[in-house]
Each structure stands twice: as C-alpha cells, then as structure tokens.
Amino acid sequence: SANIWRFPGVEVKARLFRDYPFKEITAHVIGYIGRINQKEMERLEENDELADYRGSTHIGKTGLEYTYEKVLHGTAGFEEMETDAGGRPVRTLRRSSPINGHTLKLALDIELQKFAWERFGERRGALVALDPATGGVLAFISKPGYDPNLFIDGIDSQSWKDLNDDWKKPLVNRALRGLYPPGSTFKPFMAMAALETKFRDPNYTIPDPGYFSLPGSTHRFRDSKPSGWGSMSMFRSIQVSSDTYYYKLAWDMGIDRLEPQLAKFGFGSPTGIDLDGEARGVLPSKEWKRKRFAGKRYPEAARVWTPADVVPIGIGQGYNTYTPLQVAHAVAILANNGVVYRPHVVKEIENLKTGEITKVEPNPVRDNHPDPANIAFVKSAMEAVLKPGGTAARIGAGLSYRMAGKTGTAQVVQIKQGAKYNAAALAEQHRDHSWFVAFAPVEAPRIAIAVIVENGGWGAAAAAPLAREVADFYLTGRKGEVSAPNSDAPSAQHVRADKNKPAAAPAEEVVE
C-alpha cells in the first residue's frame, strides 16, 4: 500500500470472508459458499440478479448458504468515478451505498449439536431433534461430515478425490437425503392407523406363535422372538415390539386403508424444511408400485400390487424408505397430538438496517385432529417401551422426566427363509441399522428425536442410548463444554430392505 504509486492500475482492497468455526459439526446444515461458476452466472442473468453480483466472486452452494442466499447476500453498491488518462481517480460523480444482507438466527441449539456429534463418536448415521411445538430444528447430525472451509476458495483435486472416494460417503447428508427402512419405529404409526380407522379395538388380541403365515402359503414371516409372545394385545405389541401382530395387522387392513393414514404423519412426502435437496422417501401404494416398475425393464406382473407386498410394510420393512428427518417429523406430529409444523432451521431473520425481526413458521401447517384417546393410548404404550418389560427398559432406568420411545432394527440384506441372522458373518455395511425414536416430556413434549446408527445392530443397543443422552442434555441442563473430535467415521450405502427381521438377540431383557 505504501508503494501503490509505483503500480499504476493496481488497487489494494480488503474483503470479508467466510469461516466455518464448527467445521464438520454443522457442515450439513450451514453448507458452504464457493466461487460463482458459469451455470450460476447464467442463472443470475436469467433472474435479472446479475447486477447484485458485480464485484462478488462467491455464492451459496449448499445448506442454509444456498437456501437463504438472497437473504444473506444483500444488494451491491456502486461508485461512478472520473479518472485521468492514467486511470487514477479524480472525483466521485455518483454513489449508491450497498445494503447489507440480513442475519439468520437459528433454532439450532449449538451446544446440543456439539454434544450429539461427540456422543455419536466414530459411528455412521444421523440424528434429528425437533421442537414438536414449533417445528424448530434443535439438532441435525449427519455422520461423518466434512470441513466446509475446504470449498470456500475452491477445493484442491486431492481433497475432492478423497471425499468422493471414501466409501463412508461424508458428503452425503444422511439426515436429509439418506433413505432407510424405518424398522419397528413404524409400529406406533401402524397402531394409530388401525385405531383412527376403527379397524382395531385396542383390546383386540391375537395369538403370536413367533411367525405369520399367509393364508394358503407355507412361507413364514418370522418374529424377532422365534418362540412367539403368546397372546398379544396392541399395547403390548408396541411395548415388546411384536412383529407377528403387525404382519397380521398390515395383512388385514391392506395398503388402501393404511396409506392415507400413514401419510398424515408425513411419510412419503418432503417435510418442506428450509434446506435444499430433501429426499421424498417412499410410502408404498398400488399407484406408487405401478409407476415405480413402469417401462420395458420390468414385466407387467412387477407393476401389480400383490397382497403379500403389504405384510413386511407393517414392521417398517418392504418398500418403506424414509429419511431420518421424515421419521423425526412423524414423531413430532405424534408428540404434538396431530398438529403439524414444518421443520425449520432458521428461527428469525433480522434486518440489520432497521432492526426488524421476522419470525419463521409461527403457525401450524395443519391439524390432523386425531381422536385424543387414540393418541393417549399410543403414547402410553411408547412410554411402556422404556419401562420394565419394554425393549428399551435399560434406557429408561433413572429417568428424571417421562419419555416415550420406540426401538427399531432395520434389515439391510435379506436373510434366507429359516436362516439365523449372524452379524459377525456379514460385512459391516450389510449389518442391520439401529433405530430409536422418542419424545419427552410425555405430558408436554419439548423434544422429538430420531436416531439411526448405520449397521449398529439392535435399536436398544446403539441408537437408544444416544437418544437418551441427547434428551438428558437438552432437558436436564448442560453438562459442560463439549469439544467435537475430528471425524473420519463415515457411511455405508442406503440399501432398501425387502424382508422381515432377524432372530432375537441373546439378552437378559427384551431388545429389538
């Protein structure tokens, strides 16, 4: 700068620049900015926004940076200068001041986010925590992550190759785009469908011999408890997670009754969260199957819905695939007595110039108006899951508040009829996924959680303890500063499961 007179035409300017201090911990939520490419330049020109990017080199690429680009960017200013023949400024003729972009205030609880990230450790998976009463996203974890700072000024080829070649897929936003069978976390919603349509009385019981056979068929859909549970009611079917009960319920109700009821909880539809690229998921129906298997690649018979297609859907397998966000959203709707809020990460938008604050999502999207007795019944059964005799009894021990939950184990690869599941004999990425969903406190829910640990095995073993720790941290007070470790423990493929569940795990308590 002191020698600028020696360099005609050269000007030294300072610029503000992005820095992402939480790195991997918030990468899949906040996203990142990067240099404007040709395609983006053309889009800006088409939308008549190019003037605001003169002098700008960067634009939001993913996450909130992309979704709220227009809000964050502001309006460019300009100066019209008179210069001499050497290009040196003489005087300012006209000036228009720039307008700052707005500030986003997030619903995200950063201490909870850091705590959940640390507790996830080196495992792969996702965790979504929502405020049922507002739809605010309290925590949004996709493990593993990546350092968004690598992308700001253009990522180098080796780093890009390393991220793309990693079988654990750190660039995949599992919470938003990962599609998984929900396993037995689906059962409370199956129960709600049966109760809301008055298809089942809650006191109706069935014999559970440890399997369900299609009428006129020798094929058996196996229960997680091979010896069966004996007489099984709806309440107990949730508490101990009877597969046989839900095989039969799905068979008896049929997909035409089930699909519209399950859709009320958001299954098979984008939640509308303020993050780009959300996957839709699959809530199966006859129409869906017809479209999915249309075309010359598939025979006509593949497009026809068969009665047996519905049976594994009852336990959250079969064609069912949803994102962890969708599952958390469904749990939040149940916790909130059927009132639906759109999940949102941004809580407020502040205009720095005027100080005006615009709140996001103050009103519910809709109210499903379920029968209060049905909601109370299912919540009570889910609370029993964490009590003695339930699949997550150990997780419920010592609770200082009331929690309702449901374990789930989602199969990744199909097991042959009659064969036993042996995790040790399978490659890691072929082992079962561990699920747990919960909300608390039951009487006035403040948090709804969905956790999936990829290839983590039984729901009570991997996902449930993590959900309990996160709920404790949020509801009973902070437990000191949490420093997030560097992650190098990323992800497996998201494989749709077509089959029923493996044999029960050997344990002293019921696990699922």
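Which one is farthest from residue 33 (Cα to Cα) among residues in the stretch 45-66 that are in contact (Cβ under 8 Å) with a residue 24 or more places away in the chain and part of a loop (DSSP other than H, G, I, E, B)?
Keep residues of the stretch 45-66 that are in contact (Cβ under 8 Å) with a residue 24 or more places away in the chain, which gives 51-52, 54, 58-66.
Cutting the leftovers down to part of a loop (DSSP other than H, G, I, E, B) gives us 54, 61-62.
On the way: 54: 16, 61: 5, 62: 7 Å.
Among them, the one singled out is 54.
Restrict the check to the stretch 331-344 and report whether at least one residue is over 22 Å from the mean Cα position of the chain (by Cα) and surrounded by fewer than 18 Cβ atoms within 10 Å (Cβ to Cβ). It would help to see each step written out before you state the result.
Taking the stretch 331-344 and keeping what is over 22 Å from the mean Cα position of the chain (by Cα), we get none.
So far as the stretch 331-344 goes, no, none of its residues is over 22 Å from the mean Cα position of the chain (by Cα) and surrounded by fewer than 18 Cβ atoms within 10 Å (Cβ to Cβ).
Among the residues of the stretch 351-377, how many are exposed (fewer than 14 other Cβ atoms within 10 Å of the Cβ) and in contact with an Asp or Glu (Cβ under 8 Å, 6 or more places away or on another chain)?
5
Going by the structure shown, is residue 348 touching a residue at least 24 places away in the same chain (Cβ under 8 Å) and not in a loop (DSSP other than H, G, I, E, B)? Write out each step before concluding.
Numbers: touching a residue at least 24 places away in the same chain (Cβ under 8 Å): yes; not in a loop (DSSP other than H, G, I, E, B): yes.
Yes; evaluated as a whole, the condition is true for this residue.
Please count how many residues of the stretch 170-217 are part of a loop (DSSP other than H, G, I, E, B), at pLDDT 95 or above and touching a Pro at 6+ places or on another chain (Cβ under 7 Å).
2
Quick one: how many residues across the stretch 119-139 are touching a helix residue (DSSP H, G or I) at 6+ places or on another chain (Cβ under 8 Å), of a type in the set (Gly, Ala, Ser) and not in a loop (DSSP other than H, G, I, E, B)?
Residues that pass the stated criteria total 4.
Residue 85: surrounded by fewer than 16 Cβ atoms within 10 Å (Cβ to Cβ), part of a helix (DSSP H, G or I) and small (Gly, Ala, Ser), yes or no? Explain how you work it out, then say what you get.
Numbers: surrounded by fewer than 16 Cβ atoms within 10 Å (Cβ to Cβ): yes; part of a helix (DSSP H, G or I): no; small (Gly, Ala, Ser): yes.
No, not satisfied.
Kindly provide the set of residues from the stretch 297-316 that are touching a strand residue (DSSP E or B) at 6+ places or on another chain (Cβ under 8 Å) and either in a helix (DSSP H, G or I) or modelled with pLDDT under 95 (or both), ordered by number. Steps first, answer last, please.
So in the stretch 297-316, the residues touching a strand residue (DSSP E or B) at 6+ places or on another chain (Cβ under 8 Å) come out as 311-312, 316.
The answer is 312, and nothing else.
May I ask you to list the residues in the stretch 449-499 that are more than 17 Å from residue 434 (Cβ to Cβ), at pLDDT below 95 and surrounded by 21 or more Cβ atoms within 10 Å (Cβ to Cβ)?
487
For every residue, the table says whether it meets (1) touching a residue at least 60 places away in the same chain (Cβ under 8 Å); (2) crowded, with 21+ Cβ neighbours inside 10 Å; (3) of a type in the set (Val, Ile, Thr).
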residue: 92; (1), (2), (3): no, no, yes
residue: 100; (1), (2), (3): yes, no, no
residue: 110; (1), (2), (3): yes, no, yes
residue: 121; (1), (2), (3): yes, no, no
residue: 124; (1), (2), (3): yes, yes, no
residue: 146; (1), (2), (3): yes, yes, no
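Can you tell me which residue in the stretch 418-445 is modelled with the lowest pLDDT, limited to those that are assigned to a loop (DSSP other than H, G, I, E, B) and touching a strand residue (DSSP E or B) at 6+ places or on another chain (Cβ under 7 Å)?
If we filter the stretch 418-445 for residues that are assigned to a loop (DSSP other than H, G, I, E, B), which is where we start, we get 418-422, 426-427, 431-432, 441-445.
From what is left, the residues that are touching a strand residue (DSSP E or B) at 6+ places or on another chain (Cβ under 7 Å) are 432, 442, 445.
On the way: 432: 87, 442: 98, 445: 98.
The selected residue is 432.
With the structure loaded, tell me whether residue 345 is at pLDDT 95 or above and more than 30 Å from residue 201 (Cβ to Cβ) or whether it fails that test.
Values: at pLDDT 95 or above: yes; more than 30 Å from residue 201 (Cβ to Cβ): yes.
For residue 345, the condition - at pLDDT 95 or above and more than 30 Å from residue 201 (Cβ to Cβ) - is met.
Would you be able to say whether some residue in the stretch 120-127 is small (Gly, Ala, Ser) and touching a Leu at 6+ places or on another chain (Cβ under 7 Å)?
no
Can you work out which of the residues in the stretch 355-372 that are free of Cβ contacts under 8 Å to residues at least 12 places away in the same chain and outside any strand (DSSP E or B) is farthest from residue 103 (Cα to Cα)?
Top of the filtered list is 363.
The values are calculated or read from the model by the stated rules, or taken from the named source; none is laboratory data. What you see is a predicted model, and the numbers here were worked out from it, not measured in a lab. Positions of Cβ are generated from backbone atoms using ideal geometry, with glycine treated the same way; all protein chains shown enter the neighbour counts.
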